[in-house]
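Single-structure report; data block below.
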Amino acid sequence: MVNAVLVGCGAMSKAWLEATARIDGLTISGLVDIDQARAEARAAEFGLSSAVVGADLGTVLAQTSPDMVFDVVVPAARRDVALTAFRHGCHLLTEKPLADTPENARDIVDAARDAGRIHAVVQNRRYVSQVRRIRRFIDSGAIGAPTSIHCDFFVAPHFGGFREEMRHVLLLDMAIHTFDAARYLIAGQPKAVYCQEWEPKNSWYEQGSSAIAIFEMAGGAIFTYRGSWCADGERTSWESAWRIVGEQGALTWDGFDDIRAAVRTDERDGILEKQRPVELPPLNPSDRIGGHLGVIQDFVAAVQNGTQPETAGTDNIKSLAMVFGAIESAETGRRIAIEP
Ligand SMILES: NC(=O)c1ccc[n+]([C@@H]2O[C@H](COP(=O)([O-])OP(=O)(O)OC[C@H]3O[C@@H](n4cnc5c(N)ncnc54)[C@H](O)[C@@H]3O)[C@@H](O)[C@H]2O)c1
């Protein structure tokens, strides 16, 4: 049996509590929100009558001594929550982004190391079956080594709340998923980035609803990202629309269910080589999927086994470095080297 306190009982906490209810041996022993009524409402909704409910994380941790903290607060509160969790000897699974600034990210990762606690980030896009299948396909060498990877993300949500006031909102709150997935899919390390943000005339965000970024990856591959959170009409999937180009062929994924791949043949059709479609392998039983449920299950297992989960903060900080590099480039108008 393991116990967890969940902090931040806003919109996303519903998906967390639906997932945690499905994990055997995991008990939610506390619910915290600075707006205590929200924590009380979630306790009632999920029948968590024995959970301690409060407005202050430190107080609830002192009362409950849980094994782990589930952090679902807004990014600006993440550092305080993380340091409080580690001070109380808790392992920490945190929503993305790992932190709201590079300094806070470093502080959190260092504090986890100093406390000897497991710290991981919810990068639930890795736990999408198509993402696992594509990674396996790329690893098989079917289209050769990737030379470029391209993503389009055009969705127009009206969230209200913190996102509409947050600076660099697309890069920090959404593109982190896509950047992390790109790094995962081609097993690539980012080297440098050039990025431009813009605000369309119809934008309902304070700043940074739209961005275009070009990343140079180790080994010479290029990753391009084009995204907007106020692009009405012909929306893409929340997973983005993808094209991965390899030395012998290419793969496209619409971000929903349509994945196609083709490789060149030795036969010419005029100036073009004839292409041969290639099937992607089905999901492998060892592929870990399930979105939030999959990430939380892996985290709980890592705590029980004393292992590091796939989305450990020490690795995830490399995806976050892509975000902060893109933000710095957008602010300075320069190409920014991304430190390993
Ligand atoms: N992984 C995903 O797919 C996904 C999807 C949506 C949101 N998120 C992330 O989840 C996090 C929360 O997003 P949301 O949409 O639920 O936001 P939200 O604003 O609906 O909820 C955040 C909650 O945190 C509470 N809070 C803020 N500071 C606090 C503090 N110091 N102590 C306790 N409670 C505090 C607020 O009162 C609020 O109830 C964000 O980091 C967001 O990026 C992830």
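Laboratory data are not the source of any read-out in this text; all were calculated from the coordinates shown. All figures in this text were calculated on a predicted structure; none of them were measured in a lab. Counting neighbours? That spans all protein chains shown, and the Cβs are built from the backbone with ideal geometry, glycine included.
General observations
- Using the Cα coordinates of the range 127-271, the gyration tensor eigenvalues translate into equivalent-ellipsoid semi-axes of 30, 16, 14 Å, sorted from longest to shortest.
- Relative contact order (percent, whole number), the range 47-172, Cα cutoff 8 Å, 6+ residue spacing: 18
- Cα centroid of the range 167-242 to Cα centroid of the range 2-36, whole Å: 30
- Pairs of Cα atoms farther than 38 Å apart, the chain, %: 18
- Mean ellipticity per residue at 222 nm, deg cm²/dmol - from DSSP H runs of n ≥ 4 across the chain, formula -39500 (n - 2.57): -9500 deg cm²/dmol
- Residue order, fewest to most surrounding Cβ atoms within 10 angstrom, among T59, T20: T59, T20
- Bridges between two residues of the chain, per DSSP, are antiparallel at a rate of about 60%.
- Across the range 171-222, Cα-Cα pairs more than 12 Å apart make up 68 percent of the total.
- Sequence-distant contacts, meaning Cα pairs under 8 Å at least 6 residues apart, place the relative contact order of the chain at 19 percent.
- Those trypsin sites (Lys or Arg not before Pro) in the range 109-185 that DSSP places in a loop and that have at most 16 other beta carbons within 10 Å: R167
- By the beta-carbon count within 10 Å of each Cβ, the least crowded to most crowded order of K274, K14, K191, fewest first, is K274, K14, K191.
- The Kirkwood hydrodynamic radius of the range 277-330, based on inverse pair distances between different Cα atoms, is 13.9 Å.
- Axis angle, to the nearest 10 degrees, between helix 313-332 and the longest C-alpha principal axis of the chain: 70 degrees.
- By other beta-carbon atoms within 10 Å, ranking M12, M322, M166 with the fewest at the front produces M12, M166, M322.
- For the range 24-118, the convex hull spanned by the alpha carbon atoms encloses 95 Å³ per residue.
- Approximate shape of the range 1-76 as ellipsoid semi-axes (Cα gyration tensor, √5λ), whole Å, largest first: 16, 14, 12
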